[in-house]
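Here's a structure for you.
The values are calculated or read from the model by the stated rules, or taken from the named source; none is laboratory data. What you see is a predicted model, and the numbers here were worked out from it, not measured in a lab. Virtual Cβ from ideal backbone geometry, glycine too; neighbours counted across all protein chains shown.
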Amino acid sequence: MAATPTSPLPHERFGNFVLLAETERSTVATDYRAAHLGEGGFDRLVQLVRFMPACVPGAPDTLVEHVRAAGKVGAPGLLKALGTGRAGSAWLSYEYMGGRSLHAVLARGRQEGFPLSLDNALEITRQVCLSLEKVHARTLPSGAPLVHGYLAPWSVMISFDGAVRLRGFGLWAGRALGGLPDDEAGTLAPEQAEDRVDVRTDVYGLGALLLESLRGTPLPRGVDLRTLVPETADAEGEPLPVQLAATIERALSPRPEARQQGPGEVRQELEALLFAGDVAPTTFNLAFYMETLYRDTIEQDARAIADETHADYQPYLRGPAQEPATPAPAVSPVPAMAPAVPAPVAVPQTPPPVPAPRVPVAAAPAVEAPAPVEPPAPPAPRSAPAPAHERAATGGARAQAPSRLPVIAAGVVALLLVGGAAYYFLALRRTAPPAAPAPTTLSAEAQAAVARVQELEARLAALEQERAQAETAAAEAAKVKVQAEAKAKGQTVDPRALERAQEEAARKVRLEQEKEQREERRKIEQQKRDEEARLAAAAAAAAATTTTLVAAETLAPAPTTVAAAAPAEPPASLAAGPSAEPDATATKPAEPSVYEFGAAGLIPPSLVSQPPLEYPAVARASRITGSVTVAAVVDEQGRVSGARATSGNPVLRKAAVDHIMGRRYRPGQKDGAPVKVQMIFQVNFKG
């Protein structure tokens, strides 16, 4: 940026800031990467937003109230505001994040012919929904929920590592948006023209934000945006999924009561679409898009930041602050807003860690508490302090001056204490006799129930390990496929294409595994509860036999039998719980609802029809073979239910389960009546 005519310095000074680089300009504001100056020089890098005259707050106290309320939410998806005020033009300072607003991203995508894809648009909207859910739970001193009110692309920041963060709180409430041009006000809800907002206003903003992200161009003002949904296509030119179009149209209803009643409801509808498998949004894909779109910018910013964080800012402290000229607004200023001067919010003086030269792919940083509101102190005349690096060197020399003798003595004492504690612990271990095992008083049935509970607990613990193994296997299969395709075309493997393919394969397997594991976990936990109830009943029965005869006569009837404790629905595992031997003196137990294959007197089901076995394309391309074990129940109508894979290659499991679920059987029979039968199947895949 060019220096002012009256200053030889390379950058302009704006109050306590040095404007290092302009990162974005819109009809709302101009964004800068700026250095905040402390007493000794450079304090931190910040993102400074200088609003156009048309966006001067008319209610500055309300603006500050909303900014502070948003800062107290503590959600990582909110961009932390550090300060606000007026110095010729209204300004807000935020913590610095390497990235750009969605407004700039969409403009860059149009310029480069690289629009935002459907999955990335959904990922951005989903993250904004998560942030708004926490924001709406926050109430203002008046008792009303905190509402954003301006969910435009300018308000959504996207970092180069794919994190989405929300800014702009208080602008609507502070009357700073009355002069917006039509191309910046298309996301405002109809009721905002009557100065009415609630959480459903932000629902309308979410629908408009998603629609503009998919279209890539600003939305028109004063029209029913629902009419634009049918003509909107994704980046591939394909029409939007029906479910997604319905979600957007409902959110854009002119009547608030006809919309989703909160961002959580919008998020649930979007996630239902994601679980259906039509799209696959991930932070990785969004980060890859940002890196592709801004590859040169990322490298330039990294080099500039490395220089700016170590630059000498003493010359800016020696002279008075220079107020740079305010950029010409795109619209005429609003006179009613111009005289208002908001009380500035002080910027904390504690410097954060210096940003890394390269922005890695990582989660968004945690949000800190907002800065307290306090009036600015006038600068006092003082001599220029020593540069920061000289003061650091002097402090280091002073820190090394004291003698090291106290430190050595403290170390000796610590070693003695540690040695004494270790000796005491070892001596205690040697002298303490091993605890004698408690005598086993459980019956064979109870002991088997204990073993069964332990088996189920081990199965629950193995679910996560299975999912990790499945993702690894899918990623490896995708790698083999990409390498084979590249070899067939006589090309070298593109590392980025390989990484994307592995990520996509792992994601699909993860979704399939999570869906299967949720059902399996539910059934296993139900089985575990049944076994624990059976164990408690057996223990109670054992305790009852040790009582006196008189006491036994006054006891309640015996606990429920094993058959009565059986779950009402087919269990997920075929390993049935232990069955007690019939007792001539006991009441005959009820017949089980599900019989094991091979049970006495059981006529097993016989196969009637089955679908062809579908060999997964990834497995065929990777030449993956083997067998998959599937556990299932054949019901009284001969249908297969509750099928799940218990072993086998994760890439082959879903195809095996689908094959078994498509089979039809002649039902198994017991005493002439059709019954449910637990069965184990082996599905073989051969290359």
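Please specify each residue of the range 15-39 satisfying the condition of being assigned to a strand (DSSP E or B), within 32 Å of the chain's Cα centre (by Cα), within 11 Å of R50 (Cβ to Cβ) and not charged (D, E, K, R).
A29, T30, Y32, A34, listed by residue number.
Under 7 Å between Cβ atoms, which residue pairs at least 6 apart in sequence (or on different chains) link something in the range 38-61 that is within 19 Å of L171 (Cα to Cα) and assigned by TED's automatic domain parsing to the domain that holds G88 with a partner that is assigned to a helix (DSSP H, G or I) and at pLDDT below 85?
Filtered contacts from the range 38-61: no entries.
Quick one: A656 ticks every box in (1) touching a residue at least 60 places away in the same chain (Cβ under 8 Å); (2) surrounded by 21 or more Cβ atoms within 10 Å (Cβ to Cβ) except a single one, so which number is it?
(1)
Restricting to the range 211-238, give me the number of residues that are outside any helix (DSSP H, G or I) and over 18 Å from E269 (Cα atoms).
18
Within the range 247-304, track down each residue that is in a helix (DSSP H, G or I), more than 30 Å from E191 (Cα to Cα) and under 16 Å from the mean Cα position of the chain (by Cα).
Within the range 247-304, L274, F275, T283, F284, N285, L286, A287 qualify.
Can you name every residue in the range 47-65 that is under 29 Å from the mean Cα position of the chain (by Cα) and surrounded by fewer than 21 Cβ atoms within 10 Å (Cβ to Cβ)?
Within the range 47-65, E65 is the sole residue that qualifies.
Would you say G222 is in the same structural domain as G98 (by TED's automatic domain parsing) and in contact with a His (Cβ under 9 Å, 6 or more places away or on another chain)?
It is false that G222 is in the same structural domain as G98 (by TED's automatic domain parsing) and in contact with a His (Cβ under 9 Å, 6 or more places away or on another chain).
Does at least one position in the range 636-649 carry a residue that is of a type in the set (A, V, I, L, M, F, W, C), in the same structural domain as G668 (by TED's automatic domain parsing), over 27 Å from A506 (Cβ atoms) and over 33 Å from the mean Cα position of the chain (by Cα)?
Yes, the range 636-649 contains at least one residue that is of a type in the set (A, V, I, L, M, F, W, C), in the same structural domain as G668 (by TED's automatic domain parsing), over 27 Å from A506 (Cβ atoms) and over 33 Å from the mean Cα position of the chain (by Cα).
Go through the residues of the range 140-159 one by one and say whether even a single one is farther than 20 Å from T217 by Cα, in the same structural domain as A59 (by TED's automatic domain parsing), within 17 Å of the chain's Cα centre (by Cα) and modelled with pLDDT under 95.
Within the range 140-159, one or more residues are farther than 20 Å from T217 by Cα, in the same structural domain as A59 (by TED's automatic domain parsing), within 17 Å of the chain's Cα centre (by Cα) and modelled with pLDDT under 95.
Within the range 102-117, identify whether any single residue is buried (at least 23 other Cβ atoms within 10 Å of the Cβ), basic (K, R) and in contact with a Ser or Thr (Cβ under 8 Å, 6 or more places away or on another chain), and answer yes or no.
no
Filter the range 223-282 for residues that are charged (D, E, K, R) and more than 28 Å from E112 (Cβ to Cβ) and give the result.
D224, R226, E249, R250, R255, E257, R259, E265, R267, E269, E271
Same structure again: Quick one: which helices (runs of 4 or more DSSP H) sit completely within the range 41-139 and have at least 2 residues that are at pLDDT below 90 and touching a Lys or Arg at 6+ places or on another chain (Cβ under 9 Å)?
By residue number, 60-71.
For R165, indicate whether it is in a strand (DSSP E or B) and charged (D, E, K, R).
yes
Something else about it: Please work out which residue is surrounded by the fewest Cβ atoms within 10 Å (Cβ to Cβ), limiting yourself to the range 614-653 and to residues that are among the aliphatic types (A, V, I, L, M) and in contact with a Phe, Trp or Tyr (Cβ under 6 Å, 6 or more places away or on another chain).
L652
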